[in-house]
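Readers should treat all values here as calculations from the given coordinates under stated rules, not as data from a laboratory. Only a predicted model underlies this, so the values are computations on that prediction, with no experimental measurement involved. When we count neighbours, we look across all protein chains shown, and the Cβ atoms used for this are built from the backbone with ideal geometry, even at glycine.
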Amino acid sequence: MSTCSARPALLLAAACAAACGSGQEAAEVPLPVVVSTRGAAAPATSDLGYQVTLVRARLALRDLELTVGGEVHGSALARAWGWLVPSAHAHPGHASGGEVTGVLPGPLLVDWSEDGAPLGTAILLEGDYQGANFTFRRAGAEDDLAPSDPLLGHTIELEAIATRDGDTIWLSAVLDIDEDTPLIGAPFSLEVREGIQATLALALLPAEKIEGKTVWDGVDLAALDGDGDGRVAIRPGEDAHNVLRRAFQVHDFYQIDVR
Amino acid sequence: MKPHALPATLVALALGAACGGDDLAGGALSVRVHGEAFAEEGIPADVFVDGWAVTFDRVLIALGDVTAAAGHEPVALEAPEVRIWDLAASSGGAGFEVASAEVPGGAYDHIAFRVAPAADATAGNASAEDVELMTGGGLSLYVEGAAERGGERKSFRWGFSGATSYRHCEGTAVIDGGPATTTLTMHLDHLFYDDLVAAEPNVAFDLIAAADDAGDRDGEVTALELAAVDLATEERYQVGSTGVEDLWSFIDHQTATIGHIDGEGHCGEAERE
């Protein structure tokens with residue numbers, strides 16, 4: 001195990017790389033992270049034929065991680081980044097997301113209503129990045145939300161308009177995802193070298209292009225509109241909630257764009 | 001159980017000092033496989049959140065491609081042949097020896113192994129009948145047993161054919177002039193986890209039992225019955241980005257996570273092939 005003493009966290013990786021015998025210091029590259037609204041409001045047609053357009057989407061997460069593929073002289077750098085990344089990667093298979101060598105730590109509340117809204121500055125070691133992870137949480141006091149905010153105590157808040165066969169349904173949903181649930185392997189591709197100028201933008205994409213799946217698949221909105229008033233509210237404890245929250249845990253629906 | 005013969009194909013490689021082991025003398029490294037008490041005595045009710053208890057009649061595993069290295073030194077122990085082990089058999093808490101070799105001194109913290117079907121697999125401690133079951137069925141793992149709760153009983157006989165390579169397993173054996181042992185540890189409770197991504201899933205059987213209730217109600221939970229369980233509306237049994245949709249696929253996915261090292265030690269890579 002690394003015996004490096006406590007130092008400002010972002011210097012730890014470089015210091016340990018030298019102290020632990022790799023003989024190579026890695027440059028730290030700060031890159032701003034913002035919200036990307038690309039694709040969020042694009043209509044997505046579900047497997048049940050609903051064309052759904054997101055009007056509002058907010059997500060509470062923490063610890064955005066950026067990953068490189070393969071083993072990073074595995075040891076010193078990876079263990080150093082363990083200091084920065086509080087989430088536990090305890091089970092085999094997690095490493096399939098790649099080695100974490102970039103991070104924007106701490107709680108983030110992502111609101112996909114304003115393109116370019118700042119989320120913070122990530123620090124990345126030089127490398128060829130291939131993916132991104134983050135951890136779901138419940139919105140809380142650290143988010144400075146009004147007591148009446150529907151996201152408070154929950155993970156995701158959604159509002160959307162769905163149409164099918166000429167009928168329109170207004171959907172609102174509040175989703176709970178268990179604290180510390182990881183999302184592994186969102187697409188992100190960038191060769192990070194010292195001096196690079198780039199902005200990372202977190203995008204929510206309700207429809208993925210390869211298999212045509214959408215986050216709305218399996219949700220029969222008309223069946224949920226029991227009173228026929230054109231409004232459906234999905235809340236924790238309901239079957240539709242469980243279907244939706246599974247979808248929002250799939251990495252296919254997120255991406256880190258590079259600007 | 002009948003004693004097992006050491007494989008004839010072991011290779012012990014002469015090499016320089018292992019990482020951090022310049023002053024350590026060589027010795028005998030033994031690699032064992034163990035299903036721990038869960039496999040040999042069962043998983044008790046206090047482990048399950050829903051009160052079931054599971055016992056195993058057979059836990060057959062096809063294990064091969066075992067290697068051991070000290071740090072980034074060359075592999076010092078290599079046992080490629082695939083053998084079938086019954087982890088439900090009593091081992092007195094020690095597991096079963098898979099391979100051993102005289103190796104240079106060092107901390108053997110790079111262990112690798114593979115759980116995969118093999119048509120030419122031979123017996124470790126398994127019977128000839130068990131070997132035929134595994135080789136003929138193309139299986140890497142087979143579990144047979146029953147779950148009980150109060151007066152309820154559900155049996156199961158599940159065979160899995162997935163191949164999983166475990167690498168960079170952080171073994172704790174240190175060779176310094178004497179023998180040491182590293183143990184490939186199989187955690188059978190993983191088969192009953194109720195979450196593929198949570199750091200601390202529950203161990204549960206209710207949904208598995210319900211699969212038979214929704215099926216032919218004959219008291220045996222089959223793979224087909226489990227495959228008919230759609231997880232979409234379940235509050236638990238979260239699957240993250242795995243794409244798993246039914247309960248059989250869920251359990252099958254978990255078979256690639258049972259491999260550990262020296263008890264609770266983890267392997268840096270567990271790759272389902």
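By the count of other C-beta atoms within 10 Å, a proxy for reagent exposure, B:W85, A:W216, A:W170 are ordered fewest to most as A:W170, A:W216, B:W85. The mean number of Cβ atoms from other chains found within 10 Å of a Cβ in peptide A:173-184 is 3, as a whole number. Highest mobility in the GNM of chain B, judged by mean-square fluctuation with C-alpha springs under 10 Å and restricted to B:D218, B:D262, B:D176, is found for B:D218.
Using the Cα gyration tensor of the range A:26-258, with a ≥ b ≥ c the square roots of its eigenvalues, what is the shape: rounded (a/c below 1.5), prolate (a/b larger than b/c) or oblate (neither)? Verdict is prolate for the range A:26-258.
Can you tell me how the protein assembly as shown classifies by the Cα gyration tensor, rounded, prolate or oblate, using a/c under 1.5 as the rounded cut? Oblate, because a/c is 1.5 or more while a/b does not exceed b/c. Assuming charge only on the beta carbon of Lys and Arg (+1) and of Asp and Glu (-1), the dipole of chain B about its Cα centre is about 660 debye to the nearest 20.
Highest mean packing first, where packing is the average number of other Cβ atoms within 10 Å per residue, the peptides A:126-132, A:26-32 line up as A:126-132, A:26-32. Ordered by the count of other Cβ atoms within 10 Å of each Cβ, fewest first, B:R153, B:R236 give B:R153, B:R236.
Shielding by partners for peptide B:237-247, expressed as the average number of C-beta atoms from other protein chains within 10 Å of each residue's C-beta, is 4.
Work from the charge dipole of the protein assembly as shown (Cβ charges, +1 for Lys and Arg, -1 for Asp and Glu, about the Cα centre) and give the residue of B:G93, B:H110, A:Q249 farthest towards its positive end. Of the candidates, B:H110 comes out farthest on the positive side. Note on the range B:214-273: dipole from Cβ charges, positive end direction compared against B:I251, B:G215, B:G265; the farthest Cα belongs to B:G265. Per-residue shielding of B:266-272, expressed as the average number of other chain Cβ atoms within 10 Å of the residue Cβ, stands at 5.
When the Gaussian network model of chain B links Cα atoms closer than 10 Å, the mean-square fluctuations of B:V66, B:V197, B:V98 top out at B:V197.
Sequence gap at least 6, Cα distance under 8 Å: using those rules, report the relative contact order of chain B to the nearest whole percent.
So the answer I get is 22 percent.
Rounded to the nearest 20, the Cβ-based charge dipole of the range A:26-258 about its Cα centre (Lys and Arg +1, Asp and Glu -1) stands at 220 debye.
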